[in-house]
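Student: Structure provided below as structure tokens; questions to follow.
Values in this text are rule-based calculations from the coordinates and carry no lab data. What you are looking at is a predicted structure, and each value in this text was computed from that prediction instead of being measured. Positions of Cβ are backbone-derived with ideal geometry, glycine not excepted, and every protein chain shown enters the neighbour counts.
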């Protein structure tokens, strides 16, 4: 299997080593806005797509072929580990739901910590199929959802604005929630390690709902379990990216976690000013982000200007990875994504002021 070398701008940036230009990729870059994905989904159910390596690999690689991004992130879903733990996961018109959400401690105790190869081996097959298609051109990124985010879905049963069921357990039965989080954390750690064994060269841990927690709860139920996973991945041989959406007020705590775990990169959402991210995180890890996904709807010349301004805000810092503050949304125009990639890959430190 072909392996990417140290010439990768992304791997160099994650290691905070000098490199020719800022790398660029996008969260949710393989998704509903792309015609190739739409053609595959027209004939295939979502979970079938996730579990069919050749189809998932085709969708994963489409952004590389279409835009020339500097990495591909495997096409999968954060709920895959929950299904392997024993929960029924259903994908309908309104998104994912749990066939029978967790309600009691007995429900939690029945969950298993699965063998990642035996129970989710199709994800590892996707990684290998993607590696075959990429052939060493760019790194392949694996990922997983963090325990708090996965617990929210497992307890609520469907997408929610508030995830009230998870919050109720947090305050009514915190011991039960910890029992659930521990099982999820151990499952996710093994799952991500298996992805590395299969050929993932970068890992990203997503805590999409961590930012909704109050201060003490954030530390106890989001950050502590992200730490558990990141420490469990120590020595895995690939860089780790931590993304906790909505956690700008906790940036100093995240920086402390980075220092203590050696985590290589923090992805920031678009609510965090680049200057603050550099002040708090700079020198400790790489920083990934953080163009607002909605900016991709701006007129192209305005979008190009915004892209240059963000690049200039990070001033060509060796550890900057250009990305969005969250994932690409489905109506995003393809030419606008291409314009951002072109602008990032053409930009050099200082070029905006020359």
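Student: Give the share of C-alpha pairs in each 10 angstrom bin for region 247-354, from 0 to the last occupied bin, in whole percents, shortest bins first.
Tutor: Per 10 Å bin, starting at zero, the Cα-Cα P(r) for region 247-354 comes out as 14, 45, 30, 10, 0 percent.
Student: If each residue of separation counts as 0.36 nm, what is the full-extension length gain between residue 88 and residue 54 once their alpha-carbon separation is subtracted?
Tutor: On the way: separation 34, 0.36 × 34 = 12.24 nm, distance 2.42 nm.
Between residue 88 and residue 54, full extension yields an extra 9.8 nm.
Student: Let me ask you something else. Between 139, 331, 101, find the one with the highest GNM mean-square fluctuation for the chain; connect C-alpha pairs within less than 10 Å.
Tutor: Top of the fluctuation ranking is 331.
Student: Oh, and also: For a label point 7 Å from the Cα of residue 17 along Cα→C-beta, name the residues of region 299-317 whose backbone N is under 18 Å from it.
Tutor: 317
Student: Starting from the eigenvalues of the Cα gyration tensor, five times each then square-rooted, give me the equivalent ellipsoid semi-axes of region 127-167, largest first, whole Å. Intermediate values should be presented prior to the final figure.
Tutor: On the way: eigenvalues 247, 15, 12 Å².
Ellipsoid half-lengths, sorted descending, are 35, 9, 8 Å.
Student: Another question, then. Quick one: angle between helix 334-346 and the longest Cα principal axis of the chain, in degrees between 0 and 90, rounded to 10, please.
Tutor: Relative to the chain, helix 334-346 is tipped by roughly 60 degrees.
Student: Rounded, prolate or oblate, given the Cα gyration tensor of region 23-96, with a/c below 1.5 counting as rounded? Could you put the intermediate results ahead of the total?
Tutor: Values: a/c = 2.16, a/b = 1.60, b/c = 1.35.
Prolate shape, in that a/c is at least 1.5 and a/b is the bigger ratio.
Student: Write down, largest first, the equivalent ellipsoid semi-axes of region 131-199 in whole Å, where each equals the square root of 5 times an eigenvalue of the alpha-carbon gyration tensor. Walk me through the numbers before you get to the answer.
Tutor: Numbers: eigenvalues 211, 40, 9 Å².
Gyration-tensor ellipsoid for region 131-199: 33, 14, 7 Å.
Student: Taking 0.36 nm per residue of sequence separation and subtracting the Cα-Cα distance, how much length would be gained by fully extending the chain between residue 256 and residue 162, in nm to one decimal?
Tutor: Numbers: separation 94, 0.36 × 94 = 33.84 nm, distance 2.79 nm.
Contour length minus the Cα-Cα distance gives 31.0 nm.
Student: Moving on to the next point. Under 17 Å from a label point 7 Å along Cα→Cβ of residue 215: give me every residue in region 250-284 with its amide N that close.
Tutor: 250-256
Student: Which order do the peptides 226-233, 8-15, 157-164, 22-29 take when ranked by the mean count of other beta-carbon atoms within 10 Å per residue, highest first?
Tutor: Working: 226-233: 20.8, 8-15: 22.4, 157-164: 13.2, 22-29: 24.0.
Packing order, densest peptide first, comes out as 22-29, 8-15, 226-233, 157-164.
Student: Let me ask you something else. Considering only DSSP beta bridges whose two residues both sit in region 9-349, what percent are antiparallel, to the nearest 5?
Tutor: 15 percent
Student: Also, quick follow-up: Return one number: the angle in degrees, 0 to 90 and rounded to the nearest 10, between the long axis of the Cα atoms of helix 147-156 and the longest principal axis of the Cα atoms of the chain.
Tutor: Tilt relative to the chain: about 50 degrees.
Student: Viscosity 1.306 mPa s, temperature 10 °C: Stokes-Einstein D of region 59-98 from its Kirkwood Cα radius, in µm² per second? Walk me through the numbers before you get to the answer.
Tutor: Working: Rh = 12.1 Å.
Estimated diffusion coefficient is 131 µm²/s.
Student: Quote the Stokes-Einstein diffusion coefficient, in whole µm² s⁻¹, for the chain, based on the Kirkwood radius over alpha carbon pairs, a temperature of 25 °C and a viscosity of 0.890 mPa s. Mind showing how you got there, number by number?
Tutor: Details: Rh = 20.4 Å.
Translational diffusion coefficient: 120 µm²/s.
Student: May I ask for the angle, rounded to the nearest 10°, between helix 251-261 and the longest principal axis of the chain, with both axes built from Cα atoms and the value confined to 0 to 90°?
Tutor: So the inclination is approximately 80 degrees.
Student: Let me know the Kirkwood hydrodynamic radius for region 45-165, please, with Cα pairs as the basis and the value in Å to one decimal. All intermediate terms of the calculation are to be shown ahead of the outcome.
Tutor: Working: mean 1/r = 0.0642 Å⁻¹.
It is 15.6 Å.
Student: Run lengths n ≥ 4 of DSSP H only: what is the helix-derived mean residue ellipticity at 222 nm for the chain, with -39500 (n - 2.57) per run over all residues, to the nearest 500? Could the numbers behind the result be given before it?
Tutor: Details: 15 runs with 164 residues, N = 354.
Value at 222 nm, helices only: -14000 deg cm²/dmol.
Student: With a 10 Å cut-off between alpha carbons and a GNM built on the chain, which of 134, 117, 196 moves the most?
Tutor: Between 134, 117, 196, it is 117 that shows the largest mean-square fluctuation.
Student: Kindly rank 121-131, 144-154, 288-298 from highest to lowest mean number of other beta carbons found within 10 Å of each residue.
Tutor: Numbers: 121-131: 21.8, 144-154: 27.1, 288-298: 19.3.
Per-residue mean Cβ counts within 10 Å order the peptides as 144-154, 121-131, 288-298.
Student: Would you calculate the separation in nanometres between label points at residue 42 and residue 122, each defined as 7 Å from the Cα along the Cα-to-beta-carbon direction?
Tutor: Calculated label separation equals 2.3 nm.
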